[in-house]
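Take a look at the structure below.
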Amino acid sequence: MATLWFWIVAVMLAAYVVLDGFDLGAGILFPFVARTEEERHQVISAIGPVWDGNEVWLLAAGGTLFFAFPLVYASSFSGFYMPLMIVLWLLILRGLAVELRSHFKDVVWRTFFGGLFFFASAMLAIFFGAALANVIRGVPLGADNYFFLALWTNWRTGPNPGILDWYTGIGGVVALLALALHGALYLIVKSEGELRQRARTAAGLLWPLVAVTTVLAIPATVVARPDSLQNYHGHPAAFLAPIIVAASLAGIVILLRRGSELGAFLASCTYLIAMLCGAAVGLYPVLLPSTNPAMGSMTIANSIVGPHSLRVGLVWWTIGTMLALMYFSIVYWLFRGKVSQYSDTYGH
């Protein structure tokens, strides 16, 4: 049951990264691919019906972590208090930028909210990547299972790292580039005209950067956390994750050249899921590693709640997830097709 809930949390996080990831990617590319007001409106309309619903999966992942592993939730939200507050404000600012931009006709205000949309989206991608890298690298857990991290120390990993160091910096860059590519592929699927062509150009420029940083991230992870390959050596089937990462990256290029826009976007979804699965495999059964050898890490065994709560929770989680999937299926079906260049309508 503990293993099941470990993977449930991982699935919820993967759903958030894949779905809200293209919203963030569209925001990152917003000032680069949208040159006219009509094109900027087209980008906002492409994500408008779904962006706020996609954030539900972040709340669901946090709620699932709180329910199944409350000690990890309490420790993480305490130790990462400052970056979590920054992420909260960035989420608020991105929402304000998306919603308020359409309510102003003045070019100055529209430019301001467009810039805010780009800034919040880019910073969220960087912070989410750095957050995952912090979890993979580990934190200096104390005897009470709590910890404190400065924003940065000497930019090195070790017993007392900061939130930002060379490894978490790599994580932030990988997330920024990968989500920008994800957003570009989404805009190719949803847009028309010159905006679509610029999104294709952006995808072509971003793909080699994503491939290079992905390759660099693997040895960087081994250096930052030497035991991250332990599960891979013990279970060779785990090597499917990096194989799928490589195959999906190749698939993006091949499918784009063949004109399969949706296929390339789905390959990007597969890439993100495989990357997160690879990280989860490297962590299991640890939820929050300790950089202090004298202190044990937080694992699924010492952080899980009682079996009765897990059984009851699994029933309600299943019901809630089925309702959410039904809602998302309806929304994505209703707003399928490309956004028109000249209106908010979709091509269906």
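Among the residues of the range 123-165, those identified as assigned to a loop (DSSP other than H, G, I, E, B), over 21 Å from P285 (Cα atoms) and among the aliphatic types (A, V, I, L, M) are L149, A150, L151, I163.
Note on the range 143-158: among residues that are touching a residue at least 24 places away in the same chain (Cβ under 8 Å) and over 16 Å from P293 (Cβ atoms), the one that is surrounded by the most Cβ atoms within 10 Å (Cβ to Cβ) is L149. Apart from one condition, S268 fits all of (1) among the small types (G, A, S); (2) free of Cβ contacts under 8 Å to residues at least 12 places away in the same chain; (3) buried (at least 17 other Cβ atoms within 10 Å of the Cβ); the exception is (2).
Among the helices (runs of 4 or more DSSP H) confined to the range 1-112, the ones with at least 1 residues that are under 24 Å from H182 (Cβ atoms) are located at 2-33, 37-47, 51-54, 56-68, 81-101. Condition check: under 21 Å from the mean Cα position of the chain (by Cα) and within 29 Å of W51 (Cα to Cα). Does A220 satisfy that? For A220, the condition - under 21 Å from the mean Cα position of the chain (by Cα) and within 29 Å of W51 (Cα to Cα) - is not met. Looking across the range 281-317, the residues that are part of a loop (DSSP other than H, G, I, E, B), aliphatic (A, V, I, L, M) and closer than 18 Å to F77 by Cβ come down to I304, V305. Across the range 1-18, which residue is surrounded by the fewest Cβ atoms within 10 Å (Cβ to Cβ) among those that are within 9 Å of the chain's Cα centre (by Cα) and touching a residue at least 60 places away in the same chain (Cβ under 8 Å)? Selected residue: V18. Enumerate the pairs (first residue in the range 332-348 and at positive phi; second residue anywhere and part of a loop (DSSP other than H, G, I, E, B) and modelled with pLDDT under 85) with beta-carbon separation below 6 Å, excluding pairs fewer than 6 apart on the same chain, so at least 6 apart or on different chains. Pairs that qualify, where the first residue is at positive phi and the partner is part of a loop (DSSP other than H, G, I, E, B) and modelled with pLDDT under 85, are G337/G347; G337/H348.
Do we find a residue being closer than 30 Å to F22 by Cβ and among the acidic types (D, E) anywhere in the range 96-103? Yes, because at least one residue in the range 96-103 is closer than 30 Å to F22 by Cβ and among the acidic types (D, E).
The values are calculated or read from the model by the stated rules, or taken from the named source; none is laboratory data. Just so we're clear, the structure is a prediction, and the values are computed from it rather than from any experiment. All Cβ positions, glycine included, derive from the backbone under ideal geometry; neighbour counts span all protein chains shown.
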